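> I'd like to ask you about the structure that follows.
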Amino acid sequence: MTEHKKKPLIVIVGPTAVGKTSVSVDLAKRLNGEIVSADSRLLYRGMDIGTAKPSKDEQAGVPHHLIDVANPNERWSLAIYQREAYRIINDIHARDKMPFLVGGTGQYIRSIIEGWHIPPLRPDYALREALNAWADRIGAEGIYEGLRLLDPEAAQKIDYRNQRRTVRALEVIFKTGQRFSDLRRKQECTYQPIILGIERSREELYERVDQRIEIMLNDGLVEEVQGLLDAGYSPNLSTMSAIGYGEIIQYLVREISYEDAVTLIKRNTRNFVRRQTNWFKPDDPRIQWFDASPDLAVKMESFIRRRLNNEE
């Protein structure tokens, strides 16, 4: 398939709290588009406040996909996400609308735009149980260090607190004898991606992060987490260890104070923002970066239209 015959895919990337949601909704309205979420946290029902899901008004104004598609105790692998994203993007094209892939989960974005071939590998539950038992003995940081020694590239892209992903990467390594990062072979992208990034100064971004967290707390983050626990979801679920949820659980079980929980959420979110730069690098030639500004949507729309008309 030659490049000019590929159908376009608008991709909007950037770190947490940079402003992706509002501008993507604005652009989708301007360009007859629909939004496909590429944020792993938005998959889960009942986890609304702590994940900063698009509001009901935003979702009503523009169709959104891959939001609220699973319960917190259901696991969505990268392979499942990629399969569903392909299906939805193709359906949007079939209806002569423009797909927007929007999010901050770099693994999700790159699996689509780089055409990752994710090898089918059935879970080895005995091995996984052994690895989890090992992790329980040495801690999340300890088992993450094991992955870092075996596959530094894979470890760089996994949050050390995400024991599920660390264990899965080790499971693949031990099962296949190959590095987890090497098994993700790239193929030609099915689409013509037009990738736009949003950036702000680090100082401004951190200020927005802190403001967002205060809004989440005022909107009822503690009550949301308590409600999930009351609904029977285990605090040990990987979804419940997400930033904002894990710290509030620590507060609810009286391991830390409320003030310490808030401090940890802000610190961990800032660390997460820094890790996101490993996926969306300022010098990536595929990404056209835009400074956040009041006329951001206008500038992005102009760039997209030029690209669609092959003016650049």
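The values are calculated or read from the model by the stated rules, or taken from the named source; none is laboratory data. This one's a predicted model, so the numbers in the text were calculated from it and none came from an experiment. A quick note on method: Cβ atoms are made from the backbone with ideal geometry, for glycine too, and the neighbour counts reach across all protein chains shown.
> Among the residues of region 88-111 satisfying the criterion of being basic (K, R) and surrounded by fewer than 16 Cβ atoms within 10 Å (Cβ to Cβ), which is farthest from the chain's Cα centre (by Cα)? Outline the logic, then answer.
Looking only at region 88-111, we keep the residues that are basic (K, R), and these are 95, 97, 110.
Restricting the remaining residues to those that are surrounded by fewer than 16 Cβ atoms within 10 Å (Cβ to Cβ) gives 95, 97.
Values: R95: 26, K97: 24 Å.
Out of the qualifying residues, it is R95.
> Please find, among I194, I213, the residue that is touching a Lys or Arg at 6+ places or on another chain (Cβ under 9 Å), assigned to a helix (DSSP H, G or I) and either hydroxyl-bearing (S, T, Y) or surrounded by 13 or more Cβ atoms within 10 Å (Cβ to Cβ) (or both).
Values: I194 fails: assigned to a helix (DSSP H, G or I).
Only one candidate passes the filter, namely I213.
> For region 125-177, which residues satisfy the criterion of being farther than 25 Å from F272 by Cα and of a type in the set (D, E, K, R)?
Passing the criteria: R128, E129, R137, K175.
> Being in contact (Cβ under 8 Å) with a residue 40 or more places away in the chain, in a loop (DSSP other than H, G, I, E, B) and of a type outside the set (S, T, N, Q) is the filter here, so list the residues in region 46-82 that pass it.
Across region 46-82, the qualifying residues are G46, M47, D48, I49, G50, A52, P72, R75.
> Hey, another quick one. I'd like to verify a number: residues in region 54-90 that are in contact with a strand residue (DSSP E or B) (Cβ under 9 Å, 6 or more places away or on another chain) and either outside the structural domain of I304 (by TED's automatic domain parsing) or within 12 Å of G33 (Cα to Cα) (or both), how many?
5
> Can you tell me which residue is farthest from the chain's Cα centre (by Cα) among those in region 112-132 that are touching a residue at least 40 places away in the same chain (Cβ under 8 Å) and part of a helix (DSSP H, G or I)? Don't jump to the end; show me each part of the working.
Keep residues of region 112-132 that are touching a residue at least 40 places away in the same chain (Cβ under 8 Å), which gives 112-121, 123-124, 127-128, 131.
When the remaining residues are screened for being part of a helix (DSSP H, G or I), the result is 112-113, 127-128, 131.
Numbers: I112: 13, I113: 14, L127: 27, R128: 24, L131: 25 Å.
Checked region 112-132; the qualifying residue farthest from the chain's Cα centre (by Cα) is L127.
> A follow-up question, please. Could you check region 233-312 for helices (runs of 4 or more DSSP H) lying wholly inside it with 3 or more residues that are within 23 Å of E153 (Cβ to Cβ) and in contact with a Gly (Cβ under 6 Å, 6 or more places away or on another chain)? Step through it out loud before you land on a result.
Numbers: elements: 245-252, 258-276, 296-308.
In region 233-312, there are no helices (runs of 4 or more DSSP H) which contain 3 or more residues that are within 23 Å of E153 (Cβ to Cβ) and in contact with a Gly (Cβ under 6 Å, 6 or more places away or on another chain).
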